[in-house]
Amino acid sequence: MKRSIIMFTILFWGGVTFAQSSTGASDKDKYVQIVTERSNKIVASLNLTDSVKFKKVRDIVAAQYISLNDIYDARNASRKQIKDQAGEDKAVVTAKIAEVDSNVNKQLKAQHAIYLSKLSKELNASQVDQIKDGMTYRVYPLTYAAYQDELPNLTDVQKGKIKAWLIEARENAIDAESSEKKHAWFGKFKGRINNYLSAEGYDMKKEGEEWQKRIKERNMKN
């Protein structure tokens, strides 16, 4: 756990993101192969012994990636069409794109519910959480552990708020269209958490500096 926390500081402070492949319609088969392989790795973390269940869950996860990709591809096509047809009328473009984005958000919310319902029929709550973490690079558990390592005197109430916000970030990040935007959701909620902790009396700059010193000391001992 300590090693994971130390390695995670690169992400926690540096905002590093991982590339996530996307595709157009002409590369559909390649994309399906990519997300199937990705889903295979995510589901493998569950250590399911039933090969039939493993494949079923793997296919549910892969299908979710494909559904999300289709939603975003359709959105991008609609945006392009609006811009091409509206020309220089920025007000019209803005209004129509806002309408498209609103409809996309509704689609994502509906697809999110369908996806979790399918997973819940095959897995328990803890396993579903593992899938969510796998789809979001385990940023939630790593960030939560990092906060506790940085601020060892957090109260149970403070830990509860941090945990709730990170879970909310994860729930949004699951549906994000790219690695960068998945991380952006966590960045948004980390900002909220840091503001809360500052209001609670923590000097986050000082705490961060002290944390980095402790990490260096650990590295020197290892």
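The values are calculated or read from the model by the stated rules, or taken from the named source; none is laboratory data. Quantities reported herein were computed from a predicted structural model and do not represent experimental measurements. We work out accessible area using only protein heavy atoms, side chains counted, and drop any ligands, DNA or RNA first. Shrake-Rupley method; radii C 1.70, N 1.55, O 1.52, S 1.80 Å.
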Exercise for review: Just reorder Thr94, Thr136 by solvent-accessible area, largest first, 1.4 Å probe, all chains present.
Suggested key: Thr94, Thr136
Practice item. Normalise the Cα radius of gyration of region 25-71 by 2.2 N^0.38 Å (N = residues in it) and let me know the number. Key: 1.18
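Using a 1.4 angstrom probe on the protein heavy atoms only, line up Arg79, Arg170 by accessible area, largest first.
Arg79, Arg170
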Point to revise | Shape category assigned to region 58-144 from the gyration tensor of Cα positions, a/c cut at 1.5 | key: prolate
Exercise for review: Output the relative contact order of the chain, whole-number percent, from Cα pairs under 8 angstrom with separation of 6+ residues.
Suggested key: 24 percent
Practice item. Could you check how much of the accessible area of the chain is carbon and sulfur, as a whole percent, using a 1.4 Å probe? Key: 52 percent
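How big is D for the chain, in µm² s⁻¹ as a whole number, if Stokes-Einstein is applied with the Kirkwood radius of its Cα pairs at 4 °C and 1.567 mPa s?
In µm²/s, the coefficient is 66.
Given C-alpha coordinates of region 134-219, what is the ratio Rg to Rh with the Kirkwood estimate of Rh?
Radius of gyration relative to Kirkwood radius: 0.99.
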Check your understanding: What percent do you get for the relative contact order of region 44-114 when only Cα pairs under 8 Å and 6+ apart count?
Key -> 31 percent
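With a 1.4 Å probe and every protein chain left in place, work out the accessible area per residue of the chain in Å², rounded to a whole number.
58 Å²
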Exercise for review: Quick one: pull the percentage of alpha-carbon pairs in region 101-146 with a separation above 15 Å.
Suggested key: 56 percent
